[in-house]
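Everything on this sheet refers to the single structure shown next.
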Amino acid sequence: MIRNRDNKNKNIIVNKTVKSFLLLATVLSASIILLIIWQITKNGLKPFLTFYDGRKINFFHFIVGTRYSTTNYQIGFIIINTLYVVLLAILVSVPISVLTALFIAKIANKHFSRILTTVIEVLAAIPSIVYGVFGAGYVTIIVKNLGNALGIVTAGGISVLSSVLVLTMMILPTITMLSITAFKSVPREVEEGSLALGASKIQTYFNVTLKAAVPGIFAGIILGVGRALGEATAVSMVAGNLSSGPSFSLFDPTRTLTSTILIGFKETEGLDYDIRFSIGMVLIAIILLVNFILNYFRKRISDKYEN
Amino acid sequence: MKKFLGIMLVLVVGLGLVGCGKDKEDAAIKVYTRDTSSGTRDAFFTAIDFEDAIKDDTKLVSGALIADGNGDMITKVKNDENGIGYISLTSLASSGLKGLSFNGVTASEANVLNGTYGLKRPFNYIITSNDTTDADKLAQAFNAYMKTKDAENIIKSKGGIVEANASAKTWDQIKADYPVTAKDNKAVTVRFGGSTSVESIAKELSKDFSKKAGNFVAEHNHTGSGAAFKSTQGADKDGDNALHVGFASRGFKSNEAGKANTFGQLAWDAVVAVVNSKNTLTDVTSVQLRQVYSGEVTTWSGVTGNDKK
Amino acid sequence: MKTKRIIRDSVLKGITYIASFISIIILVAILFFIFAKGSKGLTWDFITGDNEPKSYTISILSNNELIENDKYENYAKRFGVAFEDSVNYDKEPVVKIVFVDDKSPLHSVIDSITGEKVSVSEGFYFTTFIEIVDDNGNTDYIYAREGAKVASEKLANAKKIKDWALSYEGGGIRGSIITTVYLVVLTLLIGFPIGILTAVYLHEIAPKNRFINILRSFIDMLTGVPSIIYGLLGAALLIPVSQMVLQTDSIGGNVLSGALTLSIMILPVVIKATESALDVVPKDYKLASLALGVNEVQTTFKVILPNAMPGILSAALLTIGRVIGESAALIYAIGTSIKDVVSIDGKGTSLAVHIWSVMAGENPNVEVATSIAIIILALVLVLNLIVKYISHRLDKKFKGV
């Protein structure tokens, strides 16, 4: 009798200890995001609040300006470049992704469908550094030759176009996979209804299924945009480090927020180092803002289609 | 939604084409420069009487692109037929670029030594003022090594212009004064850095000296001449950017006064204005360079006497 | 009327075919490029060799007889050696030895500094100079930057080579392979368990209250953070932490700070994968176990987790794949110095960072980058295949096919 009670007590203690241990792990995991915010803002705000050898950075000029160098830290044009490149990548990849997803989900036969899905999954698994090597070693050459054929001189292919192409390749799998899911979850009845009304299969797919899958596709686009905004290595290898002015021409070199953080990283202390944290802060802010705006649109579209 | 996307697409393509179109008409000069911590930049702008621009990017023409180092400058001008930049003479031969003569004088070793080539600057080095670790002592030994014939041979083989010094000793003759080099230093890391123009010479020197000084590990992190004094005896000397040996491709300034016997000049070097090998230009004057870099002259046809493209 | 519709339908169908084709073209292009450029360099020496070339210093007398050989250009008869202009692994121009005749004195020399025997052969190169003494006793120097032809011509006058620094090989990735292995092991030891324990807690044990919901949303927020931000965190926080833990005064990052950063990065992946794995285990198992009187903790660890093992294994493989492929975060969290001798408190590059290191410098080396890319791709794809296989088996097991 007594032994049983001892065992029971021991059990309860062990139970409680393990549970607290697990809770500890969870709290640790949850605190990571706080650590990130704290550290980035701690170093990131320094340039604007303290003096380095008599220099302090003006936040307004930082955000709005058009030249970036060690004497003039201004990332206004870099923000525009980043958004521009991502926008172009979305414009190119969304049609391709959605059409591919439609093909895989509805039009292709099972065999083909499986092969293509594997192709997409392999593309999704390729690490960004490999895309970067492909970009720097091949895409830039193609862009350079294209430029020469058009009579335009490029900086060896390092350009907006190369960055857009590389980003497109990287977010294609993401948007495609989510679109496939979206298409597959359109209720059969909706399609059957359209077919019963005399529409052809293709008409159904494009007019009915596609419309019904829009919320899901949009979710894929949001994910793709997030990935494109945050992509660092691959973009740094094809974008260049232009020090001024937003670059809109497809064949001009450019510079994105992430490539600015990554390239030219030499000093481990001082203004040049801390300013990268400031850029990191701006990057996070922009990702959050874009996510917020896109999610707002997604809700509106969802509501529209709920009816 | 579709309409919105369509309009965006048209706008974007339009902008892209508009941006592209202009390059065909006028051959605008693409100006490349180094960043403000570069000794090469310092030497270049001093020699063309454009000292304002040494530390201040805003004095430069607005489209000027910044190259990250000597090698980056080479890559950029090599890829840009309309580009102009400036590099160290030591890297000219292997760069694939065309070096311009300056005020009528060709950049060459002879013309530097006889003083007729105007764009010359010293390559200097400086060691740490610390004296505690083995790495510090190896830096001191390196200081002595730099004055030997062994170092001179290496510097010359990499294109550094050295005035002949008949009294230089060999390392074997002086190594007994530096017992730290007789130890096994495989676990010691000596950090080198500073100018990127001196980087390839510095790497050969550290490789050779390492063989003669117990095979220490040489770590190179070249970020520009500005780091030479700062990281060895200046503000960064004990921080995360500290170096044991720093190289500079310019003279030390008055606020970079190193302790006695901790620095020296390893060679002379010429700065050469370079253009793409397809460019027909062969000579440039200091006035023309100043005009190009300040933005007064923006097209190749404006560089007098030579009609490019 | 009908034909118009048929044409329009075919066109629409056609563009979906084209769109899908584009994805195939991209994949084929990437694989083809990587293999075409990289397979040549993927030799045993490359994989197991040091990144630093071996360095020798020799001095030797010329042969008494001339060694004739007509087959090579830039051939120096007095020493029986032929040169060629080439580049080293750093893509810098060097003068390389392409042939050493059997009768050449270079075949067995003594290194003047270490005293060890050296046999100079094809593949050796020099980057600085050869100090020679000519027949009149004068000293002269042959500079590497003058090229192979000049080198062979000047050697014709040399009675003796007084001082010659030669290098051999280099550019190997053994150090980076070892660094990658260290990182994988450390991340699996540090971050992986924390992720599993967190997922177990949230899925099995956590009460449903606001506090837990807040924790969950904090963890969810991690999925959208770009890897470069983790890199910044690693540099700012984890490098000092690792320096404290290791009691080292080395400057900058080390393998441990890299592993810590990666551990943090993989947490969302591991938590999500583990929760999925736990989802798959039928609820009945848990209810039955509890009904039998087993307490919560025991149920979790002895009943549920073992059944979720395949899924947890998948999570581990996904983690490994992520570690191998990660670049941006490690560039900041460790640095980009390639090392041949790797230790936890030292620097090093993972395979992905090694690629960055050779591509980001002044002379990007696409051949080396693609060779390493082959290795990374092969590993990542194999890991993903295994994960797919596991989830396929899991599906069969629990959905009762």
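The values are calculated or read from the model by the stated rules, or taken from the named source; none is laboratory data. Keep in mind that what you see is a predicted model, and the values were worked out from it rather than measured. Heads up, the Cβs are rebuilt from the backbone with ideal geometry, glycines too, and the neighbour counts pull from every protein chain shown. Side chains included, ligands, DNA and RNA excluded: accessible areas come from the protein's heavy atoms. Shrake-Rupley method; radii C 1.70, N 1.55, O 1.52, S 1.80 Å.
Counted as qualifying within region C:79-129 are the strands (runs of 3 or more DSSP E) with 2 or more residues that are at pLDDT 85 or above and either farther than 30 Å from C:Ala369 by Cβ or open to solvent by 30 Å² or more (accessible area, probe 1.4 Å) (or both), namely C:81-87, C:93-100. From the residues in region B:98-141 that are among the aliphatic types (A, V, I, L, M) and under 27 Å from B:Asp80 (Cβ atoms), which one is nearest to the chain's Cα centre (by Cα)? That would be B:Leu119.
Tell me yes or no: at least one residue of region A:176-195 is at the interface with another protein chain (Cβ under 10 Å from one of its Cβ atoms), assigned to a loop (DSSP other than H, G, I, E, B), open to solvent by less than 20 Å² (accessible area, probe 1.4 Å) and of a type outside the set (D, E, K, R). Looking for residues that are at the interface with another protein chain (Cβ under 10 Å from one of its Cβ atoms), assigned to a loop (DSSP other than H, G, I, E, B), open to solvent by less than 20 Å² (accessible area, probe 1.4 Å) and of a type outside the set (D, E, K, R), one finds none in region A:176-195, hence no.
Residue-level analysis places A:Gly216 outside the set of residues that are outside any helix (DSSP H, G or I) and without any contact (Cβ under 8 Å) to a residue 40 or more places away in the chain.
The set of residues from region B:42-72 being away from chain C (no Cβ under 14 Å), more than 13 Å from B:Arg290 (Cα to Cα) and of a type outside the set (A, V, I, L, M, F, W, C) comprises B:Asp42, B:Lys55, B:Asp56, B:Asp57, B:Thr58, B:Ser62, B:Gly63. When the residues of region C:334-364 are filtered to those that are of a type in the set (A, V, I, L, M) and away from chain B (no Cβ under 14 Å), which remaining residue is farthest from B:Ser200 (Cα to Cα)? So, considering only residues that are of a type in the set (A, V, I, L, M) and away from chain B (no Cβ under 14 Å), the one farthest from B:Ser200 (Cα to Cα) is C:Ile344.
Residues that are within 14 Å of chain C (Cβ to nearest Cβ) and of a type in the set (A, V, I, L, M) were ranked within region B:87-133; the one that is nearest to B:Gln288 (Cα to Cα) is B:Ile87.
Counting only helices (runs of 4 or more DSSP H) wholly contained in region C:282-398, the ones carrying 1 or more residues that are closer than 28 Å to A:Lys19 by Cα occupy C:283-291, C:305-325.
Could you look through region C:40-55, keep only residues that are closer than 16 Å to C:Ile338 by Cβ and within 14 Å of chain B (Cβ to nearest Cβ), and pick out the one that is surrounded by the fewest Cβ atoms within 10 Å (Cβ to Cβ)? Only one residue fits best here, namely C:Lys54. Taking every residue in region A:120-139 that is within 17 Å of C:Ala36 (Cα to Cα) and pairing it with any residue that is open to solvent by less than 10 Å² (accessible area, probe 1.4 Å) and of a type in the set (D, E, K, R), at least 6 positions away or on another chain, yields no pair with a Cβ-Cβ distance below 9 Å. Scanning region A:1-11 for residues that are more than 8 Å from chain C (Cβ to nearest Cβ) and either basic (Lys, Arg) or assigned to a helix (DSSP H, G or I) (or both) turns up A:Ile2, A:Arg3, A:Asn4, A:Arg5, A:Asp6, A:Asn7, A:Lys8, A:Asn9, A:Lys10.
Only one entry of A:Leu91, A:Leu22, A:Leu99, A:Leu28 meets the criterion of being open to solvent by less than 10 Å² (accessible area, probe 1.4 Å) and at the interface with another protein chain (Cβ under 7 Å from one of its Cβ atoms), and that entry is A:Leu22.
Look at (1) within 11 Å of chain C (Cβ to nearest Cβ); (2) within 21 Å of C:Lys91 (Cα to Cα) and you find that B:Ser210 fails only one, number (2). Taking the criterion of being touching a residue at least 40 places away in the same chain (Cβ under 8 Å), open to solvent by 90 Å² or more (accessible area, probe 1.4 Å) and more than 23 Å from B:Lys259 (Cβ to Cβ), the residues of region B:143-194 that qualify are B:Glu163, B:Lys183.
Considered as a group, the residues in region A:196-208 that are surrounded by 11 or more Cβ atoms within 10 Å (Cβ to Cβ) and assigned to a helix (DSSP H, G or I) include one that is nearest to the other protein chains (Cβ to nearest Cβ), and that residue is A:Ile202.
The set of residues from region B:222-269 being open to solvent by 60 Å² or more (accessible area, probe 1.4 Å) and in a helix (DSSP H, G or I) comprises just one member, B:Lys230. The set of residues from region B:52-74 being of a type outside the set (A, V, I, L, M, F, W, C) and open to solvent by less than 30 Å² (accessible area, probe 1.4 Å) comprises B:Asp57, B:Gly69, B:Asn70, B:Gly71.
Taking the numbered list (1) within 14 Å of chain C (Cβ to nearest Cβ); (2) under 25 Å from B:Gly226 (Cβ atoms); (3) touching a helix residue (DSSP H, G or I) at 6+ places or on another chain (Cβ under 6 Å) in turn, B:Thr75 passes all entries but (3). For region C:173-278, the helices (runs of 4 or more DSSP H) that sit wholly inside it and include 2 or more residues that are assigned by TED's automatic domain parsing to the domain that holds C:Ser350 and crowded, with 24+ Cβ neighbours inside 10 Å are C:174-200, C:227-233, C:239-246.
Considering region C:279-327 alone, what residues qualify as being open to solvent by 40 Å² or more (accessible area, probe 1.4 Å), closer than 25 Å to C:Ser350 by Cα and away from chain A (no Cβ under 14 Å)? Result: C:Leu313, single match. Considering only residues that are exposed (fewer than 13 other Cβ atoms within 10 Å of the Cβ) and outside any loop (DSSP other than H, G, I, E, B), which ones fall in region A:39-71? Of everything in region A:39-71, those that are exposed (fewer than 13 other Cβ atoms within 10 Å of the Cβ) and outside any loop (DSSP other than H, G, I, E, B) turn out to be A:Leu49, A:Arg55, A:Phe60.
Would you call B:Thr36 in a loop (DSSP other than H, G, I, E, B) and surrounded by 18 or more Cβ atoms within 10 Å (Cβ to Cβ)? Criteria met by B:Thr36. For first residues located in region B:80-99 and part of a strand (DSSP E or B), partners that are open to solvent by 30 Å² or more (accessible area, probe 1.4 Å) and lie 6+ apart or on another chain with Cβ distances below 6 Å form the pairs B:Gly83/B:Lys30; B:Lys98/B:Ser277; B:Gly99/B:Leu92. Applying the criterion of being within 13 Å of the chain's Cα centre (by Cα), open to solvent by less than 10 Å² (accessible area, probe 1.4 Å) and of a type outside the set (A, V, I, L, M, F, W, C) to the residues of region A:221-255, the residue that is nearest to the other protein chains (Cβ to nearest Cβ) is A:Gly230.
Cβ-Cβ distances below 7 Å connect the following pairs, each with a first residue in region C:371-398 that is within 30 Å of C:Phe46 (Cβ to Cβ), a second residue that is of a type in the set (Phe, Trp, Tyr), and a separation of six or more residues or different chains: C:Ser371/C:Phe46; C:Ile374/C:Phe35. Only a single criterion out of (1) open to solvent by 20 Å² or more (accessible area, probe 1.4 Å); (2) more than 8 Å from every other protein chain (Cβ to nearest Cβ); (3) under 23 Å from the mean Cα position of the chain (by Cα); (4) under 25 Å from C:Phe33 (Cα atoms) is not satisfied by A:Thr140, namely (1).
Set side by side, the residues C:Tyr141, C:Tyr89, C:Tyr125 differ, and just one is assigned by TED's automatic domain parsing to the domain that holds C:Ser59, touching a Gly at 6+ places or on another chain (Cβ under 6 Å) and aromatic (Phe, Trp, Tyr), which is C:Tyr89. As a summary of the residue check, A:Arg5 satisfies the conditions (1) more than 28 Å from C:Leu189 (Cα to Cα); (2) surrounded by 19 or more Cβ atoms within 10 Å (Cβ to Cβ); (3) not polar (S, T, N, Q) except for the one numbered (2).
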